[in-house]
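Novice: There's a structure below that I have some questions on.
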Amino acid sequence: MSINRSLNDLFVEWLKNSSNDNHDDFDYKKYLAKFKHIKIEKKFSRDEMNER
């Protein structure tokens, strides 16, 4: 853990490390296949999706 660094600096570093900078490697079909077992049977209203 780094000391003497702001939370914002650490967050920016985390974002850079966790983002996919090389979009050429992203396989959309594999991504969709990974989650195809998830089924949503109910159509949610805008209000329901924004409930907190």
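The values are calculated or read from the model by the stated rules, or taken from the named source; none is laboratory data. Fair warning: this is a prediction, and the values are worked out from it, not measured in the lab. Heavy atoms of the whole protein, side chains included, go into the accessibility calculation; ligands, DNA and RNA do not. Shrake-Rupley method; radii C 1.70, N 1.55, O 1.52, S 1.80 Å.
Novice: Out of all the residues in segment 24-52, which are among the aliphatic types (A, V, I, L, M) and open to solvent by less than 100 Å² (accessible area, probe 1.4 Å)?
Specialist: So in segment 24-52, the residues among the aliphatic types (A, V, I, L, M) come out as 32-33, 38, 40, 49.
Within segment 24-52, LEU32, ALA33, ILE38 meet the criteria.
Novice: Moving on. Quickly run through the chain and pick out the residues that are of a type in the set (Asp, Glu), at pLDDT below 90 and part of a helix (DSSP H, G or I).
Specialist: Answer for the chain, where residues must be of a type in the set (Asp, Glu), at pLDDT below 90 and part of a helix (DSSP H, G or I): ASP9, GLU13, ASP24, ASP25.
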